[in-house]
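J.: Have a look at the structure that comes next, please.
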Amino acid sequence: MKRKEFIRHLNDNKCLLKREGGSHSVYLNVSNSKMSTVPRHNEINDFLVKKIAKISTLRIHKSIFLRVHYFYISCR
């Protein structure tokens, strides 16, 4: 998944950029106060996207992943 697309998804789900590190960005989920780090790569591995979404308890929309890899990730 492209990083820009994932960042757009985080922002749409009430996650705010908390700080910028050397090679990662830290996002805060405002609704549950959980933080997750997003690497600064053009492409983010699908398994890492799933893990970040689980940590921050986000739902990945089916349409986003169908466009990229034809499978659906459901998070709690």
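J.: Looking at the range 1-27 only, could you name the residues that are part of a strand (DSSP E or B) and of a type in the set (S, T, N, Q)?
T.: Within the range 1-27, just SER25 meets the criteria.
J.: Can you name the residue in the range 28-49 that is assigned to a strand (DSSP E or B) and either in contact with a strand residue (DSSP E or B) (Cβ under 7 Å, 6 or more places away or on another chain) or touching a residue at least 24 places away in the same chain (Cβ under 8 Å) (or both) and, of all such residues, is farthest from CYS15 (Cα to Cα)? Steps first, please.
T.: Just the residues of the range 28-49 that are assigned to a strand (DSSP E or B), to begin with: 28-29, 34-39, 43.
So of that shortlist, the ones also either in contact with a strand residue (DSSP E or B) (Cβ under 7 Å, 6 or more places away or on another chain) or touching a residue at least 24 places away in the same chain (Cβ under 8 Å) (or both) come out as 28-29, 35-39, 43.
Details: LEU28: 5, ASN29: 4, MET35: 9, SER36: 10, THR37: 11, VAL38: 12, PRO39: 15, GLU43: 20 Å.
So the residue we want is GLU43.
J.: Take the residues in the range 22-51 that are small (Gly, Ala, Ser) and within 18 Å of LYS4 (Cβ to Cβ), then tell me which one is surrounded by the most Cβ atoms within 10 Å (Cβ to Cβ).
T.: SER36
J.: Ok, one more. When you scan the range 18-76, how many residues do you find that are among the small types (Gly, Ala, Ser) and at pLDDT below 55?
T.: Count: 2.
The values are calculated or read from the model by the stated rules, or taken from the named source; none is laboratory data. Note that the coordinates shown come from a computational prediction; the quantities given were computed from them, not determined experimentally. Neighbour counts are summed over all protein chains in view; Cβ atoms, including those assigned to glycine, are modelled from backbone coordinates with ideal geometry.
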